[in-house]
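Novice: This is the structure I have questions about; it appears just below.
Where a number appears in this text, it was derived from the coordinates with a stated rule and is not lab data. Owing to the predicted nature of the structure, the values given are computational and were not obtained by experimental measurement. Glycine also receives a Cβ, built like all others from the backbone with ideal geometry; neighbour counts cover every protein chain displayed.
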Amino acid sequence: MSDKALTETIGHFIKSQRLLQNKSQDQVATDAGISRSTLSLLEKGETIRIDSLIRVLRVLNLLYILDVFTVKDQISPIEYAKLKKKQRKQASPKQSNANLSKESEW
């Protein structure tokens, strides 16, 4: 998919979400702190600044879309092997009843 096609897809998505929420361009632009013409450019698939897109997503309660960019800590295979090696493989031997009665003097 080309850059132009991606920006058009994003613009179409923003416009459809705005209309689903029954919000005007003026209302979203004002709440986002951008001009109505910037929002119009976004909805037409034109290039805008990333911070403007983030503001619009915030106003439309769509910031969750950016969750896919969250980098999660991943463990390397070597570290995983070390952790597995440290895990217990057997249960401890049971203590005899004599030892238990000596330890607790209730």
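Novice: Provide the convex hull volume over Cα atoms per residue for the chain, in Å³. All intermediate terms of the calculation are to be shown ahead of the outcome.
Specialist: Numbers: hull volume 27.3 nm³, N = 106.
So the per-residue Cα hull volume is 258 Å³.
Novice: Between beta-carbons, use under 12 Å as the cut-off and find the net charge around Gly45, counting Lys and Arg +1, Asp and Glu -1.
Specialist: Values: positive: Lys4, Lys15, Lys44; negative: Asp3, Glu8, Glu43, Glu46.
Here the charged neighbours net out to -1.
Novice: Which trypsin sites (Lys or Arg not before Pro) in region 50-95 pass both tests, a DSSP loop state and at most 14 other beta-carbon atoms within 10 Å?
Specialist: Working: sites: Arg55, Arg58, Lys72, Lys82, Lys84, Lys85, Lys86, Arg88, Lys89, Lys94; in loops: Lys72, Arg88, Lys89, Lys94.
For trypsin sites (Lys or Arg not before Pro) across region 50-95 that sit outside H, G, I, E and B with at most 14 neighbouring Cβ atoms in 10 Å, the list reads Lys72, Arg88, Lys89, Lys94.
Novice: Taking the Cα of Leu20, stepping 7 Å toward and past its beta carbon, and measuring to each backbone N in region 45-80: which are under 13 Å?
Specialist: 60-65
Novice: Going by alpha carbons, how many degrees (0 to 90, nearest 10) lie between the helix axis of 77-86 and the longest principal axis of the chain?
Specialist: It works out to around 30 degrees.
Novice: Moving on to the next point. At R0 = 41 Å, how high is the FRET efficiency between Ala5 and Lys82 if r is their beta carbon distance? Nearest 0.05 is fine. Please list the in-between numbers first.
Specialist: Values: r = 46 Å, r/R0 = 1.11.
For R0 = 41 Å, the calculated efficiency reads 0.35.
Novice: Further question on the same structure: Within the chain, which is the longest segment that contains none of the GluC sites (Glu not before Pro) sitting in a DSSP loop with at most 16 other Cβ atoms within 10 Å?
Specialist: Working: sites that count: Glu46, Glu105.
Longest site-free region, per DSSP loop and neighbour criteria: 47-104.
Novice: Sticking with this one: Which value in deg cm²/dmol, rounded to the nearest 500, describes the helix-derived mean residue ellipticity at 222 nm for the chain, given -39,500 (n - 2.57) per DSSP H run of n ≥ 4 and division by the residue count? Intermediate results must be reported in sequence, preceding the final value.
Specialist: Values: 6 runs with 61 residues, N = 106.
After summing the helix terms and dividing by residue count, I get -17000 deg cm²/dmol.
Novice: Modelling each spin label as a point 7 Å along the Cα-to-Cβ direction, I'd like the Arg36/Ile75 distance in nm, to one decimal.
Specialist: About 5.6 nm separates the two model spin labels.
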